[in-house]
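The structure appears right after this line, and notes come after that.
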Amino acid sequence: MINIVVLPGDGIGPEVTAEAVACLRQLSTERDLGLRFTEHDFGGVAIDKHGHPLPEATLEACRNADAVLLGAVGGDKWNDAAVRPEAGLLRIREELGLFANLRPAKVLEGMQDISPLRPDISRDADILVVRELIGGIYFGERTRGDHSASDLCTYSRDEIERIAHVAFRAATHRRQKVTSVDKANVLATSKLWRETVTEVAKSYPGIELEHMYVDACAMAVMTHPRRFDVILTENLFGDILSDELSVIGGSIGLLGSASVGSGGPGLFEPIHGSAPQIAGLNVANPAGAIASAVMMLDELGLSDSGRLLSSALDVTLLEGCRTGDLGGSATCTEFGARVRENLRSGLTRVDAYRE
Ligand code: NAD
Ligand code: IPM
Ligand code: MN
């Protein structure tokens, strides 16, 4: 039995997560995977019910799980809460020791039409952001007075080393290149970052390492996305750059992510937020949540099933079933149902959609 904790969260979180779980349930039945799902309160809904975004029972369930599948959290309603939903998200990542957040972004061949970038620019873009997730300015001391406020950004050599190893190992299975992104022309943490990453690189002689300032990188990912393979960066820069990278593929609704640490359960979530403006309308794109489920299957050692789900997702997009964010008219539930139909009917048809 594989025990998966599902945290639907707020806004469109429950809608997109329901589609991902339905895909996983179908796969589990068809392939006898033994996946078992239990849902728990997390985020704003947990504040409403229990007074805290991450109730102790939810955290305990996550600790005992094989994997955690998360939707999204947050919304104006809880902006003034003593502990905001977003703080609950930071806390769960920290409690589970999930220091590495992997966010792949690419343009599906045959789908360049939905990228706002020119096809000659977006073609073959395939980038993995390796974002440090439980350090830096998100976790430093904060102060707030009437006339001033501060957020402390700290990184230790150890924290940088362990995330750098994740990036270099990932590059080994990809196109052998790491771009480390920092602001070493200004920030002390970035200077330490650059120095440490350069040291770690010595253990990976086959991998090309380049350093880039974050401002220049923010431009280059749009003008020359193909020159990037793995982008290794700190928490805040990774947050911003990964949303930017979603533009290449056409929508933030497409991107999934995996957060992993040193051996405990991983956490799998789309990179988008709770999108309150479209919540409850059944128009959200569940592709990012389904892509996160694919990453979860891989991490659980069920890569064959992951490949099937990934192909079914690609075929669904390639055959033109698209939600509003991609210019289509499919609803969230229609899109999910179509993925499951493709999953049922054999899945090696992706090539049929390639030019
Ligand atoms: P957002 O990602 O929710 O939305 C940004 C834009 O993308 C909006 O126009 C939205 O409609 C659209 N969008 C996002 N996901 C989509 C999807 N699956 N399908 C179609 N369109 C989609 O970011 P935001 O508006 O800055 O934040 C909203 C709330 O979500 C805030 O409370 C924020 O703190 C929270 N948030 C949570 C997470 C998370 O839980 N991991 C991530 C980011 C933001
Ligand atoms: C994300 C989100 C979160 C982050 C927020 C909601 C705390 O933007 O998962 O990308 O910054 O990590
Ligand atoms: Mn973000």
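The values are calculated or read from the model by the stated rules, or taken from the named source; none is laboratory data. None of the values given here were measured: they were computed from a predicted structure. Glycine also receives a Cβ, built like all others from the backbone with ideal geometry; neighbour counts cover every protein chain displayed.
Report, by residue number, each residue of the stretch 249-260 that is surrounded by fewer than 23 Cβ atoms within 10 Å (Cβ to Cβ), over 18 Å from Arg93 (Cα atoms) and more than 11 Å from ligand 2 (Cβ to nearest atom).
Ser251
Which members of the stretch 209-225 meet the condition of being more than 16 Å from ligand 3 (Cβ to nearest atom) and touching a residue at least 12 places away in the same chain (Cβ under 8 Å)? So that I can check it myself, show each step before the final result.
Initially, the stretch 209-225 is screened for residues more than 16 Å from ligand 3 (Cβ to nearest atom), giving 209-213, 215-217, 219-220, 222-225.
Listed by number, the residues that qualify are Leu209, Glu210, His211, Met212, Tyr213, Asp215, Cys217, Met222, Thr223, His224, Pro225.
Kindly establish whether Ser251 is under 15 Å from Glu19 (Cα atoms) and modelled with pLDDT of 95 or more.
It is false that Ser251 is under 15 Å from Glu19 (Cα atoms) and modelled with pLDDT of 95 or more.
Taking the stretch 292-316, which residues are surrounded by fewer than 24 Cβ atoms within 10 Å (Cβ to Cβ), of a type in the set (Gly, Ala, Ser) and either touching a Ser or Thr at 6+ places or on another chain (Cβ under 6 Å) or in contact (Cβ under 8 Å) with a residue 24 or more places away in the chain (or both)?
Across the stretch 292-316, the qualifying residues are Ser305, Ser311.
Being within 13 Å of ligand 1 (Cβ to nearest atom), within 24 Å of Ser310 (Cα to Cα) and outside any loop (DSSP other than H, G, I, E, B) is the filter here, so list the residues in the stretch 240-252 that pass it.
Ser242, Asp243, Glu244, Ser246, Val247, Gly249, Ile252
Quick one: what pairs do we get from the stretch 226-247, first residue under 17 Å from Asp182 (Cβ atoms) and in the same structural domain as Ala171 (by TED's automatic domain parsing), second more than 14 Å from ligand 3 (Cβ to nearest atom) and part of a loop (DSSP other than H, G, I, E, B), C-beta under 7 Å, 6+ apart or different chains?
Within 7 Å, the pairs are Val230/Arg174; Glu234/Tyr155; Asn235/Gly135.
When you check Ala218 against the structure, is it among the small types (Gly, Ala, Ser), in contact with a helix residue (DSSP H, G or I) (Cβ under 9 Å, 6 or more places away or on another chain) and not assigned by TED's automatic domain parsing to the domain that holds Asp298, yes or no?
Criteria met by Ala218.
When the stretch 113-137 is examined, which residues are found to be surrounded by fewer than 20 Cβ atoms within 10 Å (Cβ to Cβ) and within 16 Å of ligand 2 (Cβ to nearest atom)?
Correct list: Ile137 only.
Determine, yes or no, whether Gly206 is more than 16 Å from ligand 2 (Cβ to nearest atom) and touching a residue at least 24 places away in the same chain (Cβ under 8 Å).
Spelling it out, Gly206 is indeed more than 16 Å from ligand 2 (Cβ to nearest atom) and touching a residue at least 24 places away in the same chain (Cβ under 8 Å).
Could you list, in sequence order, the residues of the stretch 62-102 that are β-branched (Val, Ile, Thr), surrounded by 22 or more Cβ atoms within 10 Å (Cβ to Cβ) and either part of a loop (DSSP other than H, G, I, E, B) or within 8 Å of ligand 1 (Cβ to nearest atom) (or both)?
Val73
Six or more apart or on different chains, Cβ atoms under 6 Å: show the pairs whose first residue is in the stretch 271-286 and of a type in the set (A, V, I, L, M, F, W, C) and whose second is within 12 Å of ligand 3 (Cβ to nearest atom) and outside any loop (DSSP other than H, G, I, E, B).
Correct list of pairs: Ile271/Arg103; Ile271/Ser242; Ile271/Ser257.
Assess whether Glu199 counts as being within 16 Å of ligand 1 (Cβ to nearest atom), of a type outside the set (Ser, Thr, Tyr) and surrounded by fewer than 23 Cβ atoms within 10 Å (Cβ to Cβ).
Considered against the rule, which asks whether it is within 16 Å of ligand 1 (Cβ to nearest atom), of a type outside the set (Ser, Thr, Tyr) and surrounded by fewer than 23 Cβ atoms within 10 Å (Cβ to Cβ), Glu199 comes out as no.
Could you tell me which residue of the stretch 262-272 is farthest from Gly71 (Cα to Cα), considering only residues that are more than 16 Å from ligand 3 (Cβ to nearest atom) and in contact with a helix residue (DSSP H, G or I) (Cβ under 9 Å, 6 or more places away or on another chain)?
Ser262
Against the conditions (1) without any contact (Cβ under 8 Å) to a residue 60 or more places away in the chain; (2) within 16 Å of ligand 3 (Cβ to nearest atom), where does Asp10 fall short? Just the number, please.
Every condition holds for Asp10 apart from (1).
Determine whether the stretch 185-192 contains at least one residue that is surrounded by 14 or more Cβ atoms within 10 Å (Cβ to Cβ) and within 16 Å of Val230 (Cα to Cα). Talk me through it step by step, then tell me what you get.
Start the filter on the stretch 185-192 by keeping residues that are surrounded by 14 or more Cβ atoms within 10 Å (Cβ to Cβ), which leaves 187, 189-192.
So of that shortlist, the ones also within 16 Å of Val230 (Cα to Cα) come out as none.
There is no residue in the stretch 185-192 that is surrounded by 14 or more Cβ atoms within 10 Å (Cβ to Cβ) and within 16 Å of Val230 (Cα to Cα).
Acidic (Asp, Glu), in contact (Cβ under 8 Å) with a residue 24 or more places away in the chain and within 12 Å of ligand 1 (Cβ to nearest atom), is that true of Glu319?
Details: acidic (Asp, Glu): yes; in contact (Cβ under 8 Å) with a residue 24 or more places away in the chain: yes; within 12 Å of ligand 1 (Cβ to nearest atom): no.
No: the conditions fail for Glu319.
Give the residues of the stretch 11-46 that are of a type in the set (D, E, K, R) and outside any helix (DSSP H, G or I), sorted by residue number.
Asp32, Arg36, Glu39, Asp41
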